[in-house]
Amino acid sequence: MNTKRVMSWVAFFGVAGGLAWGPQYFQQAEEGEGTGAVTTPAKGKTGGALPAVSANGKPAVIKDLSPSGDLFGASSWKPAPTLARVTEQPVNQTPVVQAPSVPPMPFQFIGKLDDHSDLQVFLQSGEKIYVVRKGDVIDDIWRIERISDVELSFVYLPLHLSQTLSLGSEQ
């Protein structure tokens, strides 16, 4: 039984060696038949320093068996990202014209005086106090258009636009 085991191991290693060595042996034989590829250098006076020469006198082609590329490079199944393309378009630099608008109301309502013949309104702008009636013009910019119990109506003279100011609730 011990001899059977030894014989099976010898057979196993023999077959494994034959499979490992066989393709390399047959591949070299096929290359050598068609092109007369590599011959052993003649050992003579130079001590075997001559380059390999084929049967027809041309230098033999020796394959490079070194690996090419990065052996341990990163690899991924994801597709490579594509970069977005940027297309330049000419910019028309036309000036943006803003429609003129009325500035914010500079006045605050302080009070009013109503004597049955005339209605006067007291307005404050900064530190100035104005006493105005219907039709008055303030600083050549604002004209008093209408005075009611609830609101005061102005006209902004440079643009002829109207604006109102609340006078409080009617009591």
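Below, the figures for the structure above:
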{"item": "Lone unmet requirement of (1) surrounded by fewer than 11 Cβ atoms within 10 Å (Cβ to Cβ); (2) part of a loop (DSSP other than H, G, I, E, B); (3) at pLDDT below 90; (4) not small (Gly, Ala, Ser) for Leu113", "result": "(2)"}
{"item": "Test: residue in the range 95-102 that is assigned to a loop (DSSP other than H, G, I, E, B), in contact with a strand residue (DSSP E or B) (Cβ under 6 Å, 6 or more places away or on another chain), farther than 17 Å from Gly168 by Cβ and among the β-branched types (Val, Ile, Thr)", "result": "yes"}
{"item": "Tabulated pairs, the range 143-169, first loosely packed, with under 13 Cβ neighbours inside 10 Å, second part of a strand (DSSP E or B), C-beta under 6 angstrom, 6+ apart or interchain", "result": "Ser166/Glu151"}
{"item": "Residue check for Val137: surrounded by 10 or more Cβ atoms within 10 Å (Cβ to Cβ) and under 56 Å from the mean Cα position of the chain (by Cα)", "result": "no"}
{"item": "Residues (at pLDDT below 85 and either over 39 Å from the mean Cα position of the chain (by Cα) or closer than 30 Å to Gln163 by Cβ (or both)) located in the range 79-108", "result": "Pro95, Val96, Val97, Gln98, Ala99, Pro100, Ser101, Val102"}
{"item": "Residue within the range 61-73 that is in a loop (DSSP other than H, G, I, E, B), surrounded by 10 or more Cβ atoms within 10 Å (Cβ to Cβ) and not assigned by TED's automatic domain parsing to the domain that holds His160 present", "result": "yes"}
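The values are calculated or read from the model by the stated rules, or taken from the named source; none is laboratory data. Being a predicted model, the structure only gives us computed values, none of them experimental. Positions of Cβ are generated from backbone atoms using ideal geometry, with glycine treated the same way; all protein chains shown enter the neighbour counts.
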